[in-house]
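Everything below concerns the one structure shown next.
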Amino acid sequence: MAPARILVLTTTYPSHQDDWSGAFIHNLILAIRKKGFDVRVLAPSNGEFYGHQILDGVQVVRFGYFWPRTLERLTIGAGGIPENISKSPLAKFQIVPMMLIFLLRALFASRHADIIYANWTGAGLVGAIVSRLSGKPMIVSFRGDDGYLARDRLLWRFVTQWIIRQSLAVTAVSSELLEIMRDLGAESTKLSLPRFGVDTRLFYPGRKNRKTEGSLQIIFVGSLIPKKGLQDLIEALAEPAFLKVSLTIVGDGYYADDLKKLARDRLSDIQVTWIGIAPPRVVAELMRESDILVLPSYTEGSPNVIKEAMACSLPVIGTRVGGVPDLVINGETGFLYEPGDVSALQECLLKLMISEETRSEMGRLARNKLDQAGLNWDATASDFEAIFLRALDEAHEKTHLHG
């Protein structure tokens, strides 16, 4: 029997192996391909590549949506579509042409698909329309900001509720998002919370040789945009108690210049290292050289960077937002605090700075929790295999009933 054909629709996807934009979706696709599915990806370009390509054996089509291409803003840079819309009038203007082209390309591509799998609201809307027109079953994943916008804004709520109604299955990346989908009307039989994994062959514990008493090596990994809260971490470190603390910052974004100015004003030059965007192998190496990960975000889905840190046996300091509390057990595998509370962040840092034994034990427990929860890509593939096969069975049953 021929393998089931899955058309993946997403507004974010890597253009090369070292591109971290949507890398978790690429990892998911690589995992489910091992289960025997034939997977193809359709996504708007992020400005780096247009047309057909093969990425790690996956067929990918990237399309342009505005001319000249140098003016495309909607899917370019850190933060994704919601962030680009908030800071660029041109990005808002490009929503309609991007969605129309996405819809036409998806309709054409769906002729060779058995299942449509959409990620985020934009791709979900395209997938829902294609599903309605073609009769192909659709599965949609909500991953963070899209769910919170649906909860808080009327238009997003209306669109999301329609997407849910058109979907055979709805997945979320955190228990909080799952409840939001339930509140929006998703039936329990549609909802699922699959495990989203991490590559434990790449991210694993390293040996640390801390030579200076009271020193601490912190790593931050994420987009340099305001909602990631890096400005709070810089402010928290601007106290004499943290003079021996070093901060490694991995990532880039439109807020980078403001953050660098803040760091120059508040910290010494030797305290901060700016890495920029780095491939996963480099991120893994930097994590193994670090003592803790800090993620001071104001909003999150289920941050993969926390799972990567856990895989490296790092304790994590994070905020009580999104799926972070699903991953970090306060006082056991790290510490949680309310977003924006710089004083609370400082208290968390001090607890970990003064005790290497605490850091080591929390890191060990974090790795154990990751392993016990089965947060690896093989487990993710098994969860999605079950979702896809169930959707195919339901679609076949509907076809027979109406046939």
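The values are calculated or read from the model by the stated rules, or taken from the named source; none is laboratory data. All values derive from a computational prediction rather than experimental measurement. Here the Cβ positions follow ideal geometry from the backbone for every residue, glycine too, while neighbour counts run over all protein chains shown.
Test I387 against the criterion of being surrounded by 16 or more Cβ atoms within 10 Å (Cβ to Cβ), within 21 Å of L193 (Cα to Cα) and not aromatic (F, W, Y), and give yes or no.
yes
May I ask you to list the residues in the range 354-376 that are assigned to a helix (DSSP H, G or I) and either charged (D, E, K, R) or over 17 Å from A309 (Cβ atoms) (or both)?
E356, E357, R359, E361, R364, R367, K369, D371
Could you list, in sequence order, the residues of the range 218-272 that are polar (S, T, N, Q) and surrounded by 17 or more Cβ atoms within 10 Å (Cβ to Cβ)?
S223, Q231, S246, T248, Q271
Give the residue, chosen from A381, A366, that is among the small types (G, A, S), in contact (Cβ under 8 Å) with a residue 40 or more places away in the chain and closer than 30 Å to T189 by Cα.
Criteria check complete, one pass: A381.
Answer yes or no as to whether V294 is in a strand (DSSP E or B) and either touching a residue at least 24 places away in the same chain (Cβ under 8 Å) or assigned by TED's automatic domain parsing to the domain that holds R143 (or both).
yes
Mind listing whichever residues of the range 346-363 are in contact (Cβ under 8 Å) with a residue 60 or more places away in the chain and more than 14 Å from V245 (Cα to Cα)?
Within the range 346-363, R359, G363 qualify.
I want to confirm something. Restricting to the range 33-64 and keeping residues that are touching a residue at least 12 places away in the same chain (Cβ under 8 Å) and β-branched (V, I, T), which single residue is nearest to A113 (Cα to Cα)?
Per the stated criteria, the residue is V39.
Taking I306 as the residue in question, decide whether it is touching a strand residue (DSSP E or B) at 6+ places or on another chain (Cβ under 6 Å) and free of Cβ contacts under 8 Å to residues at least 24 places away in the same chain.
Yes, satisfied.
Quick check on the range 307-323. Is at least one of its residues surrounded by fewer than 21 Cβ atoms within 10 Å (Cβ to Cβ) and under 21 Å from I180 (Cβ atoms)?
The answer is yes; a qualifying residue exists.
Would you mind stating whether S215 is hydroxyl-bearing (S, T, Y) and within 21 Å of G318 (Cβ to Cβ)?
So S215 fails the test.
Only strands (runs of 3 or more DSSP E) wholly contained in the range 115-230 count here; list those with 2 or more residues that are among the small types (G, A, S) and over 30 Å from F242 (Cα atoms).
So the answer is 169-172.
Give the number of residues within the range 143-166 that are buried (at least 24 other Cβ atoms within 10 Å of the Cβ) and either free of Cβ contacts under 8 Å to residues at least 60 places away in the same chain or among the acidic types (D, E) (or both).
Here the count works out to 4.
Kindly establish whether N46 is modelled with pLDDT under 95, in a helix (DSSP H, G or I) and buried (at least 19 other Cβ atoms within 10 Å of the Cβ).
no
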